[in-house]
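What follows is a single structure, written as structure tokens, with notes after it.
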Amino acid sequence: MNEKMKSGDPVTAQLIGQACEESVELCWDRLEQQSPQCGFGNLGVCCRICAMGPCQTDPYGNGPQRGVCGADSDTIAARNFIRMIAAGAAAHSDHGRAVAETFIEVAEGKAPGYSIQDEQKLLALAMDFEVEIGDRAINDIALEVGKLALAQWGQQEGELVMCQRAPLKRQQLWREQGIMPRGIDREIVEIMHRTHMGVDQEYHHLIDHGSRAALGDGWGGSMLATELQDILFGTPVPVVSKVNLGFLEEDQVNIILHGHEPLLSEMIVAVSMTDEMKEYAASKGATGGINLGGMCCTANEILMRHGIPVAGDFLQQEVAMVTGLVEAMVVDIQCIMQSLPQVAKHYHTKILTTSRIARMPDAQHIEFHEDRALESAKEIVKVACDNYQNRQKDAKKTVFDTIDLVAGFSHETINYLLGGSFRASYRPLNDNIINGKIRGIAGVVGCNNAKVPHDLYHIEMVKELVKNDVIVLQTGCSAIACAKEGLMDPVKGLEFAGPGLREVCETVGIPPVLHMGSCVDNSRILMAAAAVVKEGGLGDDISDLPAAGAAPEWMSEKAISIGHYFVASGVYTVFGVSFPTLGAKKLTEYLFDGIAEKVGGKWDFEPDPVKAAQLMIAHIDEKRKALGIDKKKERVLMDMEMRRAEADIEA
Amino acid sequence: MSKIIASAGIRGAHAIVERVRKKYTEMMDTHGGKTEVGFPNTGYYLPSIYGLLGHKIETLEDMGPVFDRCRMLLPPLVKEHVHLPYLGPALDAGAVALFAQEMEECMRYLEFPDFYVRGEDVTDDNIWLGAADDVILRKRGVEFVDGTAPGFAAILGAAPTTEIAVQIALELQQKNLYVFMAGEHNGVRFSEQLVEAGVEIGWGTRLVSFGPDVSAAVFAAGFATRAALTFGGIEPGDYRRVLIYNKDRVFAFAMTLGHVTDQWYANGLMCVNYGFPVIADTPIPQILPTGVCTYEHVVSNVPHDEIVQRSVEVRGLKVNVSKVEVPVAYGAAFEGERVRGPDIYFEGGGGRGGTFAVEWTTSAEMDAIEDHDIQLIGPDLDELGENSKCSLGIKVEVAGREFQADFEPILERQIHHLVNFAQGSMHIGQRDIAWFRISKTAYEKGFRFKHIGEIIWAKYHSEFGAILDKVKVTIFTKEEDAKKILKLARASYAVRDARVEGMVDEDEETYYSCTLCQSFAPSHVCVVTPERTGLCGAYSWLDCKASFEITPTGPNQPIEKGRVIDEKRGQWEGVNEFVRQASRGTVELYNAYSIMEEPMTSCGCFEAISAIMPMCNGIMTVDRDYGGMTPSGMKFTTLAGTVGGGAVTPGFVGHSKLYVVSGKFIRAEGGIGRLVWLPKNLKEELKDRINAQAVKQGLSENFAELICDETVSTDEMEILEWLTEKGHPAITMDPMM
């Protein structure tokens, strides 16, 4: 595999070449060493659940069709599949729990350095939780909200509060199907129980529970994470920034913040802007001060709220160090490659692990504690500054590209942008979907995967969508990939858009591709979808919308959880790379087709990103037809009688 | 593209705020913060600031918080490279421009109190009308409510030539639209162009010259905002509903004529907030996607001969213009136009030169008349010559299977406005006190007497087609013929009057609802009985009955009154049931004849308001034409705020002027004998009928003289003394409270 096959991003391709020359091992090298990978595992039909196994069933029908215990392919693949959901939901939700815990500490005044930034959003959430507002102090309200929110994880019965934000018809459907989540943790634990040897062995039944746990992620753990983070750190508003490793500067202490939780990164952002730290950096020879860049979802969190440049996405974590300019890479949780300290050995970069729950051999551990957040952050920044002197003397900037982007599209911000302070609403979006200028909405999200050309599939898919007037909402590494292509530049991005979409984007002043945040912020896409339904004219459930979702370069279990909560919320969702049930025929048929009868949404698999985009567009067109908006509508001129008749209808 | 519009509009808003803030500092220095400020005769303060922000500006220092709000809302300028999204910010800039300019115009009233004229009419040396006061708002608002005016066009700038200006104005008038004018282009103003061409401007002709500067556009926004508060029953500060109300119900648009400056753009963005699109005659960028407005937001480069039609389409408005075969322009907008002095070609009636004019609509047998038989008996205008006068007799015969004699007066009453709608013809009065004028211009364009017949024939068919099949009009211009008609007509009037006089609520089993104004005031329903007309004063029980016959699914529906629950207070089972349904349960019951117990709800269109005067043991009534203070301590506009919007407030009730002289007027509290105060003009107007009704109720035949008015006092203590001295019956009646 040459560099260009490995990455569609010229900066990454250049650094892969440089690493090769310097004999630095990267993920692509290890992929080669791993090939050929296990076909059974790849197709989802390898079962390692009990010690009578591992068992594999033969997807082609010649070999064994059942494991030692008698489990068939569909059961094995379904159990594996929902265990992926459990892991993904656990990751998002544990992230959310950490935020909720910090939130309570902030409300109690036990976490100096943090404070409530968005009181309006707190009050809105307080209303969801039926917390009395009156003239209570803001911290009192926050404390009660925080405690009630945290209780959602351990709740044993009833319904998750945030599920009330879904369209009414959707809530009813979840109840009727028995998949309304009771508590965030409970559904995850139940997956682990049901998939234990010899418990639930009927694949529809297993998948139904997968839906319940996934909904507990999307409308529970993830949504609460987003909500509480916005209240603590501010709801994103549009910001200008830049993306890619060209942001690294020779005369500055370059720190890359990698991982997922904003709890630490927010503090590092705050600390690195202080004169004290700037002077400290200068005292170590970095005359330009401190230069922060984000990576993976941490990048998205601090981009959305502070406009901090994005260093890169998941597959750039190793090559970032190849620049020789990174003093420290500060990591917390999720999507951190264990190879980082190994790559770092070739350079001067310090890998600093910070999470109470995540450590790695050969990395330096500086544990971050919320109750002394600023001190922890200072300590970390100082370690990076101290390391400036260890940079190799001949280390020069070799990559220069950075691309401009506009990010910060929370669903509240979209609402504002479409009508200003006095007429804020999703009406213009709905109107222009109805009149066909915008064909539909796509959510393109997810990871990078070394098995497919880095970034390229995201970019090709999104370009195909916007060319066909589909507005694209993005999160995670997918957003970063497209930002690097200029798709989030409000001027350059429009060159890729079809005429109708372009016209609407020009009216609002937005790019055709909207960056909505990190992977827990996929809940923002759910909220936007619910808002579009509520605005009216496009059906009364998310499954009625001309909308589709995709993750063309997915790799993590979190992606499966996200994909599944989109499906269970009524969205047609296409994954690329490979699909972890393909060895189980009936299960796959169910996920790709039969499940739609239950939840309105369904899965699909298409590795070619352009073909996948076309599948999404075909689905959007089908929904447009069902809504009766596939044909041009004549302008209605109202006379007085019609106006009276309309008033009667409103009444 | 939109970026140019947003950038310019935001720049414009910055410039406006800077200018107004400077003025504010200056005014604060000269006058001080406690100085009272405001627009004349309004209960809505600075209406857009009050309506959208819920903030009352009564003194100069009250403007401070609005400037703070403007600072928070005013977005940064749009960057050339990698700009941030601008639509939301640009709309905010529009709102900021509105707030700032409204304060600017208010400070103009303080600094130059005579800059604008008061009332509806321009004067020879001042054509700037300024803020519409609440009297104008309510009077004109009713036209928006019942659809006689479907919306308004706010024009900025000036047409390239006077001829084009006249043409555009005429087309807008023919579509019954109000034309609100502000601003200038190259030192020329649209309103001045019209004046130059001899076009009559003012509220009466719907050509409203608000002011010379673009900032006067805020008067249009203020009118729109108050429409939402007054007729929509929307609470001040509920900005979203105020704006959506305008988007959905007030079919207005802005038209820019000439170079669009940054500040024009800012004002254009203000309009878009209200859902009013902007149509330009210059090649500015367009904003075509829909959403904030119903259709396009900005449409540009429209040729002048297409601009009116295009504007109406972009707004999504359909104006049904009935075709009337007359050689002059025809439409509701010409109703208020006057024919005066040197421009009069002919005059008949009104006692001018001893002439009279009589108009009489009467039923005929189906086979007795031919449809569209229009005859002139006597000399026509050519023969009579310039500056002539003569008596007129106009006999209209109507036949139809569905026609009833009860409808005769209703149709006859239409003649007034139908004839007035023709440009260059003026009509005053009705029945045998009618008065016609025809202008020289109309004569030169070919207008003759037969056209009066054409108008009546065409409009009777278009408006009353459901109840009539044939219309014959005969116009008599010889004195002896006219006198014959006069005699017949008077006999007919006497029969009619006896019928109406004798009509009492007890005799009719069916009352009518009136929801004519629901396109404007969605939560209000009137119940119209023979002795209680609709509270706008425009719809009597007979009108509603005819309207129901004409359009059975229309705004007037029969209500079977059902079992009598309370005879004295006027409460019926069927009516309660209807009101409960129509108000969706918010009003459970109501008493038609009471002011103290469960009085009727009101929209915003009432002609008059009665309010309790506790010390005098009586009530006062004030009509909307009276702008002064009343003994209740409130002006009409403030009182209107108390009783409007569907609110039920014991002690206050809105009603028509004529209800005062009804036998059922606050019967529950003792009837007309409770009336202790009226504005002098209203008292004069109703004097004879007040006395007649008083006699019926066993009071003095000079009862009107016992009623106090503003020339005596508006202080309740003083009034009490005066009443006691005069021996007003209310003083000795049972206590009201």
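Closer than 21 Å to residue A:243 by Cβ, surrounded by 24 or more Cβ atoms within 10 Å (Cβ to Cβ) and touching a residue at least 60 places away in the same chain (Cβ under 8 Å) - does that describe any residue in segment A:279-293? Yes, some residue in segment A:279-293 is closer than 21 Å to residue A:243 by Cβ, surrounded by 24 or more Cβ atoms within 10 Å (Cβ to Cβ) and touching a residue at least 60 places away in the same chain (Cβ under 8 Å).
When you scan segment A:49-59, do you find a residue that is in contact with a Ser or Thr (Cβ under 9 Å, 6 or more places away or on another chain), free of Cβ contacts under 8 Å to residues at least 24 places away in the same chain and over 26 Å from residue A:259 (Cα atoms), even just one? Among the residues of segment A:49-59, at least one is in contact with a Ser or Thr (Cβ under 9 Å, 6 or more places away or on another chain), free of Cβ contacts under 8 Å to residues at least 24 places away in the same chain and over 26 Å from residue A:259 (Cα atoms), which makes the answer yes.
For every residue, the table says whether it meets (1) within 14 Å of another protein chain (Cβ to nearest Cβ); (2) in contact with a helix residue (DSSP H, G or I) (Cβ under 9 Å, 6 or more places away or on another chain); (3) crowded, with 22+ Cβ neighbours inside 10 Å; (4) under 30 Å from residue B:95 (Cβ atoms).
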site	(1), (2), (3), (4)
A:436	yes, yes, no, no
A:461	no, yes, yes, no
A:466	no, yes, yes, no
A:480	no, yes, yes, no
A:487	yes, yes, yes, no
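Within segment A:153-193, which residues are closer than 23 Å to residue A:411 by Cα and assigned to a helix (DSSP H, G or I)? Correct list: A:161, A:162, A:163, A:164, A:165, A:168, A:169, A:170, A:171. Selection of segment B:404-424 for residues being in contact with a strand residue (DSSP E or B) (Cβ under 6 Å, 6 or more places away or on another chain) and in a loop (DSSP other than H, G, I, E, B) yields B:421, B:424. With respect to the stated conditions, residue B:100 fails to be within 23 Å of the chain's Cα centre (by Cα) and not in a strand (DSSP E or B).
Please specify each residue of segment B:387-403 satisfying the condition of being assigned to a loop (DSSP other than H, G, I, E, B) and more than 25 Å from residue B:335 (Cβ to Cβ). Within segment B:387-403, B:400, B:401, B:402, B:403 qualify.
Against the test of being within 30 Å of the chain's Cα centre (by Cα), within 13 Å of another protein chain (Cβ to nearest Cβ) and of a type outside the set (Asp, Glu), the options B:52, B:87, B:110 yield a single qualifying residue, B:52. When you look at residue A:146, is it small (Gly, Ala, Ser), within 28 Å of residue A:534 (Cα to Cα) and surrounded by fewer than 14 Cβ atoms within 10 Å (Cβ to Cβ), yes or no? When the stated conditions are applied, residue A:146 does not pass them.
Any residue at all in segment A:631-642 that is at pLDDT below 95 and of a type in the set (Val, Ile, Thr)? Yes: one or more hits. Within segment B:299-313, the set of residues being more than 9 Å from chain A (Cβ to nearest Cβ), of a type outside the set (Ser, Thr, Tyr) and either in contact (Cβ under 8 Å) with a residue 12 or more places away in the chain or touching a helix residue (DSSP H, G or I) at 6+ places or on another chain (Cβ under 9 Å) (or both) comprises B:299, B:301, B:302, B:303, B:304, B:305, B:307, B:308, B:309, B:310. Every test in (1) at pLDDT 95 or above; (2) in contact with a helix residue (DSSP H, G or I) (Cβ under 8 Å, 6 or more places away or on another chain) is passed by residue B:236 save one, and that test is (1).
Of the candidates A:401, A:386, A:394, the single residue that is away from every other protein chain (no Cβ under 14 Å), touching a helix residue (DSSP H, G or I) at 6+ places or on another chain (Cβ under 6 Å) and acidic (Asp, Glu) is A:401. Reported count of residues in segment A:594-618, each being closer than 21 Å to residue A:554 by Cα and part of a helix (DSSP H, G or I), is 9. Per the listing A:318, A:370, A:327, A:375, the residue uniquely surrounded by fewer than 20 Cβ atoms within 10 Å (Cβ to Cβ) and among the charged types (D, E, K, R) is A:375. For segment A:489-519, the tally of residues that are within 22 Å of the chain's Cα centre (by Cα), more than 10 Å from chain B (Cβ to nearest Cβ) and outside any loop (DSSP other than H, G, I, E, B) stands at 3.
Of all residues in segment A:386-396, those being among the basic types (Lys, Arg) and either buried (at least 20 other Cβ atoms within 10 Å of the Cβ) or outside any loop (DSSP other than H, G, I, E, B) (or both) number 1. Need a quick list: helices (runs of 4 or more DSSP H) entirely within segment A:235-312 having at least 3 residues that are within 28 Å of the chain's Cα centre (by Cα) and β-branched (Val, Ile, Thr). Where helices (runs of 4 or more DSSP H) fall fully within segment A:235-312 and carry at least 3 residues being within 28 Å of the chain's Cα centre (by Cα) and β-branched (Val, Ile, Thr), they are A:262-272.
Out of curiosity, is residue B:354 farther than 19 Å from residue B:149 by Cβ, of a type outside the set (Ser, Thr, Tyr), more than 10 Å from chain A (Cβ to nearest Cβ) and crowded, with 17+ Cβ neighbours inside 10 Å? Here the answer is no, as residue B:354 does not meet what is asked. When A:76, A:85, A:16, A:104 are screened for being in contact with an Asp or Glu (Cβ under 7 Å, 6 or more places away or on another chain) and surrounded by 17 or more Cβ atoms within 10 Å (Cβ to Cβ), only A:16 passes. Every residue in segment B:452-476 that is over 12 Å from residue B:372 (Cα atoms) and surrounded by 22 or more Cβ atoms within 10 Å (Cβ to Cβ), please. Hits for segment B:452-476 are B:452, B:464, B:475, B:476. Within segment B:281-293, if we keep just the residues that are closer than 22 Å to residue B:92 by Cβ and within 32 Å of the chain's Cα centre (by Cα), the residue that is farthest from the other protein chains (Cβ to nearest Cβ) turns out to be B:293. Selection of first residues in segment A:631-645 that are not assigned by TED's automatic domain parsing to the domain that holds residue A:620 and of second residues that are in a loop (DSSP other than H, G, I, E, B) and of a type in the set (Lys, Arg), restricted to Cβ pairs under 6 Å at least 6 apart or on distinct chains, gives the following pairs, ordered by first then second residue: A:637/B:318; A:638/B:318; A:639/B:318.
Only residues that are touching a Leu at 6+ places or on another chain (Cβ under 8 Å) and part of a strand (DSSP E or B) were counted across segment A:1-53, and they come to 1.
Of note, residue A:553 does not satisfy the criterion of being in contact (Cβ under 8 Å) with a residue 24 or more places away in the chain, over 23 Å from residue A:610 (Cα atoms) and either in the same structural domain as residue A:470 (by TED's automatic domain parsing) or among the β-branched types (Val, Ile, Thr) (or both).
Per the listing B:325, B:296, the residue uniquely surrounded by fewer than 23 Cβ atoms within 10 Å (Cβ to Cβ) and more than 11 Å from chain A (Cβ to nearest Cβ) is B:325. Out of B:166, B:199, B:135, one residue alone is among the hydrophobic types (A, V, I, L, M, F, W, C), in a loop (DSSP other than H, G, I, E, B) and surrounded by fewer than 22 Cβ atoms within 10 Å (Cβ to Cβ). It is B:199. Annotation note: of B:481, B:497, the sole residue that is in contact (Cβ under 8 Å) with a residue 40 or more places away in the chain, more than 14 Å from every other protein chain (Cβ to nearest Cβ) and part of a helix (DSSP H, G or I) is B:481.
The values are calculated or read from the model by the stated rules, or taken from the named source; none is laboratory data. All values derive from a computational prediction rather than experimental measurement. Methodologically, a virtual Cβ is constructed for each residue, glycine included, from the backbone with ideal geometry; neighbour enumeration extends over all protein chains shown.
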